[in-house]
1. Using the structure shown, decide if residue 203 is touching a helix residue (DSSP H, G or I) at 6+ places or on another chain (Cβ under 7 Å), under 19 Å from residue 278 (Cα atoms) and either of a type in the set (A, V, I, L, M) or in the same structural domain as residue 277 (by TED's automatic domain parsing) (or both).
2. From 167, 148, grab the single residue that is without any contact (Cβ under 8 Å) to a residue 24 or more places away in the chain and in a helix (DSSP H, G or I).
3. Is it true that residue 275 is buried (at least 21 other Cβ atoms within 10 Å of the Cβ), among the aliphatic types (A, V, I, L, M) and in contact with a Gly (Cβ under 9 Å, 6 or more places away or on another chain)?
4. Kindly state which helices (runs of 4 or more DSSP H) lie completely within the range 1-96 and contain at least 1 residues that are modelled with pLDDT of 95 or more and in the same structural domain as residue 124 (by TED's automatic domain parsing).
5. In the set 101, 134, 74, which member is touching a residue at least 60 places away in the same chain (Cβ under 8 Å) and among the aromatic types (Phe, Trp, Tyr)?
6. Give all pairs with beta carbons closer than 6 Å in which a residue from the range 227-242 that is touching a residue at least 40 places away in the same chain (Cβ under 8 Å) and within 24 Å of residue 44 (Cα to Cα) meets a residue that is hydroxyl-bearing (Ser, Thr, Tyr) and crowded, with 17+ Cβ neighbours inside 10 Å; count only pairs at least 6 apart in sequence or on separate chains.
7. Taking the range 97-137 on its own, how many of its residues are of a type in the set (Gly, Ala, Ser) and within 20 Å of residue 22 (Cβ to Cβ)?
8. Within the range 293-309, is even one residue without any contact (Cβ under 8 Å) to a residue 12 or more places away in the chain and either under 21 Å from the mean Cα position of the chain (by Cα) or not assigned by TED's automatic domain parsing to the domain that holds residue 206 (or both)?
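The values are calculated or read from the model by the stated rules, or taken from the named source; none is laboratory data. On a predicted model such as this, the values are computed, not experimentally measured, just so you know. Because the Cβ atoms are built from the backbone with ideal geometry, glycine has one as well, and the counts that use them run over all protein chains shown.
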Amino acid sequence: MKKIVLTGGGSAGHVTPNLALAAELKRRGWQILYIGSHDGMEKAVVEDAGLPYKSIATGKLRRYLSLKNLTDPFRVIRGIGDAKKILQEEQPALVFAKGGFVSLPVVKAARKLGIPVFLHESDMTPGLANKLCFRDAARVYCNFPETLASLPAGKSFVSGCPIREELRNGSREAALAFTGLSGQKPVLLQIGGSLGASALNDLLRESLPALLPHFDVIHLCGRGKLDENTVYPGYVQYEFISRELKDLFALTDIVLSRSGANAICELLYLQKPALLVPLPLDASRGDQILNARSFEKQGFSRMIAQEELTSERLVRELLTLYEEREKYKAAMRGSNQSDAVAYLCDQIEEVAGKAEGGLA
């Protein structure tokens, strides 16, 4: 049986596209192993999806000063050794790396063993982990045509974002039963990624008295960010949702979100109008700002800078988004962006076939 290793972690954006590929690869007869960190968020998500999971040591790649920068290179070296041992045991035909610091040791180990590596970059500009892996990759894929200028020439391609087909198959009734909401008002969903968005969390909770007369609110606030003191009829909050997410999307009318590439590509795929609030420059490398600008320019979403937001402005923007929702849906229906799953799986099978089973 053909075998592939998937890797990537640290945030949902580095995991959920891999799960989309895994579903199609399993249908095509592939055996799948996921390599992640010992205690990263990806472990629970991958195991919840029913995929075998093995963990390695990892070190975070920081762009800022930290004492951990002195020790983490040794963790990366240890991780390469861990990954090499796993790959030698598993003999995969190919490694598909989605990014995040956990992918670096796996890619480096695969290169040492002669295993073909595919990288996928979601954001407009490549992340540091992927940049460090460019020379080790057989092919590099991305979401946005603009990204090609930042990728290695001759082996980089626009694929789009792998999206889970199951997200289209949610049940509004199941979501009402799960959340306990009445279904009598439009539904606003806030998503801030698996790590949550503290600034948005605070602002949304502050705005609930003004929002709840107009919307029921589903709040995915991130692990450890529940607020048990915030209790209102029509408001429900969860740290993180996996299996029921498709149902929540089926119930949702508009979305308040950060603008990580995978998250907004899912919103495009599902045609959900969104107010995007990208991470500010002092908390990111600016990729979310570029992503949000691209979607706003194409008419898919509204965008506002976090530093411009107040509770009053947030409520006003969300009410306008809802009133104009059909305009945004029409723009998304006219998009020529397609799901990348079949394309990438075809690419994987092509290169794996040439490699004759991996470690040869």
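1. Values: touching a helix residue (DSSP H, G or I) at 6+ places or on another chain (Cβ under 7 Å): yes; under 19 Å from residue 278 (Cα atoms): yes; either of a type in the set (A, V, I, L, M) or in the same structural domain as residue 277 (by TED's automatic domain parsing) (or both): yes.
Yes, satisfied.
2. Details: 167 fails: without any contact (Cβ under 8 Å) to a residue 24 or more places away in the chain.
Answer to the selection: 148.
3. Values: buried (at least 21 other Cβ atoms within 10 Å of the Cβ): yes; among the aliphatic types (A, V, I, L, M): yes; in contact with a Gly (Cβ under 9 Å, 6 or more places away or on another chain): no.
Here the answer is no, as residue 275 does not meet what is asked.
4. Filter on the range 1-96 gives 16-27, 72-90.
5. Working: 134 fails: touching a residue at least 60 places away in the same chain (Cβ under 8 Å); 74 fails: touching a residue at least 60 places away in the same chain (Cβ under 8 Å).
Matching residue, one of 101, 134, 74: 101.
6. 236/179; 240/194
7. If we filter the range 97-137 for residues that are of a type in the set (Gly, Ala, Ser), which is where we start, we get 97, 99-100, 103, 109-110, 114, 122, 127, 129, 137.
Remaining after also requiring within 20 Å of residue 22 (Cβ to Cβ): 97, 99-100, 103, 110, 122, 137.
Adding up the residues that qualify gives 7.
8. Our first condition is that a residue be without any contact (Cβ under 8 Å) to a residue 12 or more places away in the chain; within the range 293-309, this holds for 293, 297, 308.
Narrowing further to those that are either under 21 Å from the mean Cα position of the chain (by Cα) or not assigned by TED's automatic domain parsing to the domain that holds residue 206 (or both): 293.
Looking through the range 293-309, at least one residue is without any contact (Cβ under 8 Å) to a residue 12 or more places away in the chain and either under 21 Å from the mean Cα position of the chain (by Cα) or not assigned by TED's automatic domain parsing to the domain that holds residue 206 (or both).
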